[in-house]
Amino acid sequence: MTKIHINVTDPVNLMSLNSTKLKEFLDSFDHVFSDCDGVIWSKVPSPGVGAFFDRIKQLGKTVHFVSNNSMRSRKNYEGLFEAANIKNGYENLTVPSIAIVEYLKSVNFNKAVYCVTCPETINVLKSHGFTCKHGPDIGAPLHSDYQQYLEDDNEIGAVVFDSDFNVNLAKMYRAINYLQRPEVLYFSGATDRYVPMKPGCLCLGTGIFTDIVSEEANREPISLGKPGKLFGEFAMKRAGITDPSRVLFIGDMIEQDVGLGRATGFKTLLVLTNNTREDMMAHPHLKPDYYADSLGSLVPVLNKV
């Protein structure tokens, strides 16, 4: 039976631990899963992140990365990992587009996918042999002309939402229409309702549009992005890990990252790069097990071990 890890105490500041408590913390997990955006880098790598992961590996832990961001290309990710002095980062990275591909393969999917996604998710699906349809990027100027988006397409066998920052009513009409057929699969990648745009400023993300379509179609998507449990389990499977209680998940977002940890049974560490301690303590039902200012701030602490 899967162990569900529930935090019933206040989050622990890792900077305040004495040597005994620090050893207990390190002995409580074998694997680290880390978010990327906001944890390892924003526009540039955060100071000390490479040294943090090097030290974690020296302490005998495995390191993997889990991100909701399917928008970056492999080349872009590899460049960011290299700049952060993290080796083999992309090879150990799980993003929603890859999880969606693997799910479709597992059910021998052979129809077309309607994509309300970023271009890179479409590229990933196509690279694995799937037929993709998308658009229109600009809807008809008159609402009376929107009837054209209510025509069914029997070639469509799945609808995917994943970080389309050009979403519009026309695309939503089509998605809702296709989802009236119960056999059409429905996936969501990134579900972020809010995303950090600059320090201290969270703005609307694309997850709000998935929520609208779900409500109108009366369908719940297969969630293959944070904080979906299935996504956490997929990341574990890719990493060859079977016990979620031995995983420490590091993130910067309460809903997505702490939420994933809670759903999957991971221990959680929140870095306060996009939240304050007051934000963390004020959340009505999600709190991490541990917190720290940043990963770089933990390097001197770990060097004491």
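Okay, here's what the table says:
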| read-out | value |
| --- | --- |
| Residue under evaluation Ser28, criteria (1) out of contact with any helix residue (DSSP H, G or I) (no Cβ under 6 Å at 6 or more places or on another chain); (2) more than 21 Å from Val305 (Cβ to Cβ), criterion not met | (2) |
| Residue check, Phe249 crowded, with 16+ Cβ neighbours inside 10 Å and either part of a helix (DSSP H, G or I) or touching a Ser or Thr at 6+ places or on another chain (Cβ under 7 Å) (or both) | yes |
| Which listed residue is small (Gly, Ala, Ser), at pLDDT 95 or above and closer than 21 Å to Glu91 by Cα, from Ala239, Ala263, Ala175 | Ala239 |
| From the options Pro221, Pro182, residue that is under 18 Å from the mean Cα position of the chain (by Cα) and of a type outside the set (Gly, Ala, Ser) | Pro221 |
| Test: Asp37 is within 25 Å of Ile122 (Cα to Cα) and either touching a residue at least 60 places away in the same chain (Cβ under 8 Å) or not aliphatic (A, V, I, L, M) (or both) | yes |
| Unique residue being over 19 Å from Thr117 (Cα atoms), in contact with a helix residue (DSSP H, G or I) (Cβ under 7 Å, 6 or more places away or on another chain) and surrounded by 12 or more Cβ atoms within 10 Å (Cβ to Cβ) when the list is Tyr173, Tyr146 | Tyr146 |
| Selection count, the range 203-237, where residues are among the basic types (Lys, Arg) and touching a His at 6+ places or on another chain (Cβ under 8 Å) | 0 |
| Residues (under 20 Å from Ser70 (Cβ atoms) and either without any contact (Cβ under 8 Å) to a residue 40 or more places away in the chain or among the polar types (S, T, N, Q) (or both)) located in the range 206-224 | Thr206, Gly207, Ile208, Thr210, Asp211, Ser214, Ser223 |
| Residue check for Ser163: among the hydroxyl-bearing types (Ser, Thr, Tyr) and at positive phi | yes |
| Residue selected from the range 260-282 under the condition free of Cβ contacts under 8 Å to residues at least 60 places away in the same chain, surrounded by 14 or more Cβ atoms within 10 Å (Cβ to Cβ) and not small (Gly, Ala, Ser), by the criterion farthest from Phe249 (Cα to Cα) | Asp279 |
| Residue within the range 204-211 that is part of a strand (DSSP E or B), under 25 Å from Asp279 (Cβ atoms) and of a type outside the set (Asp, Glu) present | yes |
| Qualifying positions in the range 190-203 - among the hydroxyl-bearing types (Ser, Thr, Tyr) and in a strand (DSSP E or B) | Tyr194 |
| Options Glu220, Glu233: the member that is in a loop (DSSP other than H, G, I, E, B), modelled with pLDDT of 95 or more, surrounded by fewer than 18 Cβ atoms within 10 Å (Cβ to Cβ) and among the charged types (D, E, K, R) | Glu220 |
| Criterion (more than 30 Å from Glu183 (Cβ to Cβ) and of a type in the set (Ser, Thr, Tyr)) met by exactly one of Tyr77, Tyr103 | Tyr77 |
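Residue-by-condition table, conditions (1) of a type in the set (D, E, K, R); (2) farther than 19 Å from Gly225 by Cα; (3) in the same structural domain as Cys201 (by TED's automatic domain parsing):
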residue: Val44; (1), (2), (3): no, yes, no
residue: Lys75; (1), (2), (3): yes, yes, no
residue: Asn85; (1), (2), (3): no, yes, no
residue: Tyr90; (1), (2), (3): no, no, no
residue: Lys111; (1), (2), (3): yes, yes, yes
residue: Asn123; (1), (2), (3): no, no, yes
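The values are calculated or read from the model by the stated rules, or taken from the named source; none is laboratory data. Please read all numbers here as calculations on a predicted model, not as lab measurements. All Cβ positions, glycine included, derive from the backbone under ideal geometry; neighbour counts span all protein chains shown.
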